[in-house]
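**Student:** Dropping the structure in here first, questions after.
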Amino acid sequence: MELGYWALRGRGEPIRLLLRYKGVEFKDATIPVTEEGMGMWFGEIKENLGLDFPNLPYLIDGDVKMTESLAIMRYLGRKFDMMPDDLAKGDTVELVVQAQRTDLATLSDSADFENLKEGFITKLKVFLGRFSKFVVKPFIFGDKVTYIDILAYEYLDHIRALTPESFTGEVSEYMQRVADLPNIAEWLKSDECTNKTYTINAPFAAGWPGFPNKA
Amino acid sequence: MVVTLGYWGIRALGEPARLILRYVDADWTETTIPPTKEGAGMWFGGLKQSLGLDFPNLPYLIDGEVRLTESTAIYRYLGRKYDLMPGDVIRGDLAEQLVTGLRTYITKIAYSGEFEKSKPRFVTLINTRLAEFTKFLGDGPFLFGDKVTYVDFMAFEFWDQCRRLSPDSFEGMNVVNGYLERVANLPRIKEWIESEDCTRKTYSINSPLCAWPGFPEEVNK
């Protein structure tokens, strides 16, 4: 299996995290977020992988060639038996989590970041309240870890880097339960963990790149 | 059991659900929220929190015990309920996300503060997508061959919204235009498009207050 994405967390990291959780051997075809890397992607690689809709992230698994981060997560969710039993509820929470990450991206790309941040946090708090109520515990759908838990953990961690004070109580406890999962716990503690080196967004994001904290 | 759809009186993210419900001749009703101050007052003032929704928002769908929000979750639910799912689930999810992306582009520029500045980038993206979809469609007749799927109704609606914003992009795009015409000619869709009440004649695409409302065209038919 081959996963291609920029050398940052963004939309690719939930996929990397899921593959690590399942202990899957994969080629991490990471593209440096540099002029050289971008030249390589746009100039040579992008149109030559046989993708219907060339973009990053991409996943190649034998004959399957995918783009679109959510479509990839759903593919892996089905492949590794990480689907929720209630598909309708699963779809709703998958998409609200995605929407929160998209709102973070919009905020992060904005030169008006400082003025917009408070409004973002106000909306976030409403979402976190609803999300906490929705989580059955220990995971979103009870005992079974689904692809949506991996998606939610990673994206909530991105948002937490921006506004750590917003993450208390039940949400914080939920995130810790995911972080404590086998393989994930080891990854997060390892020297190689790219959370220590990757930005959350593009390093040149106009508002908030999300540089890693010096741990 | 009557299915209830709730949305603003605009096309935007509600219309694909309306198209699906009409196509399958479902027993359905709509709670339409006028896209006005009064309507917003009604929604935010009480209705929003009173429907038992996990993540209250518009559009919403209530079908017996099932109470959903998030437009794509609603389209998927209707797709499963009414046997409109792609046979190839992997390509189905991929196409669904690409088509969702079309609407995301429109939302971004219509509601941003910089419509004129953003428009050239939008046109470039649409042109790229049109070329990609031309290859994906192949001979069709629909996105996934003979079977009409929920993704076809998303594509039908969102491509039309794109066409309204960048009509020149669709010049000579025979494969995509032919496909859109085939969807427009489906039973119950054809009658709907030709009817006086068709929302293409009566609803704006986006909020009437945003940078690009997309008010109905003059229809000369």
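**Student:** Here is a list: A:61, A:85. Which entry is modelled with pLDDT of 95 or more and over 23 Å from residue B:80 (Cα atoms)?
**Tutor:** Of the residues listed, the single one that is modelled with pLDDT of 95 or more and over 23 Å from residue B:80 (Cα atoms) is A:61.
**Student:** Which of the following residues is surrounded by fewer than 16 Cβ atoms within 10 Å (Cβ to Cβ) and out of contact with any helix residue (DSSP H, G or I) (no Cβ under 7 Å at 6 or more places or on another chain): A:163, A:197?
**Tutor:** Exactly one residue qualifies, and that residue is A:197.
**Student:** Among the listed residues A:75, A:58, identify the single one that is among the aromatic types (Phe, Trp, Tyr), under 30 Å from residue A:181 (Cβ atoms), within 9 Å of chain B (Cβ to nearest Cβ) and in contact with a strand residue (DSSP E or B) (Cβ under 7 Å, 6 or more places away or on another chain). So that I can check it myself, show each step before the final result.
**Tutor:** Details: A:58 fails: within 9 Å of chain B (Cβ to nearest Cβ).
Residue meeting the stated conditions: A:75.
**Student:** Considering only region B:49-59, I want to know if a residue exists there that is away from every other protein chain (no Cβ under 13 Å), within 30 Å of residue B:211 (Cβ to Cβ), more than 17 Å from the chain's Cα centre (by Cα) and not in a loop (DSSP other than H, G, I, E, B).
**Tutor:** The answer is no, given that none of the residues of region B:49-59 is away from every other protein chain (no Cβ under 13 Å), within 30 Å of residue B:211 (Cβ to Cβ), more than 17 Å from the chain's Cα centre (by Cα) and not in a loop (DSSP other than H, G, I, E, B).
**Student:** Restricting to region A:61-72, give me the number of residues that are surrounded by fewer than 20 Cβ atoms within 10 Å (Cβ to Cβ), within 11 Å of chain B (Cβ to nearest Cβ) and of a type outside the set (Lys, Arg).
**Tutor:** 3
**Student:** Still on this structure, I have one more. Any residue in region A:36-48 that is without any contact (Cβ under 8 Å) to a residue 24 or more places away in the chain and within 12 Å of chain B (Cβ to nearest Cβ)?
**Tutor:** Yes, because at least one residue in region A:36-48 is without any contact (Cβ under 8 Å) to a residue 24 or more places away in the chain and within 12 Å of chain B (Cβ to nearest Cβ).
**Student:** Out of A:211, A:139, A:167, I need the residue that is in contact with an Asp or Glu (Cβ under 6 Å, 6 or more places away or on another chain), without any contact (Cβ under 8 Å) to a residue 40 or more places away in the chain and of a type outside the set (D, E, K, R). Which one?
**Tutor:** None of the others qualify; the one that does is A:139.
**Student:** For the structure I just gave you, tell me whether residue A:108 is closer than 18 Å to residue A:92 by Cα, away from chain B (no Cβ under 11 Å) and either touching a residue at least 24 places away in the same chain (Cβ under 8 Å) or part of a helix (DSSP H, G or I) (or both). Before you say what the answer is, go through the steps one by one.
**Tutor:** Working: closer than 18 Å to residue A:92 by Cα: no; away from chain B (no Cβ under 11 Å): yes; either touching a residue at least 24 places away in the same chain (Cβ under 8 Å) or part of a helix (DSSP H, G or I) (or both): yes.
No.
The values are calculated or read from the model by the stated rules, or taken from the named source; none is laboratory data. Here the structure is a predicted model, which is why all the values come from computation and not from measurement. Positions of Cβ are backbone-derived with ideal geometry, glycine not excepted, and every protein chain shown enters the neighbour counts.
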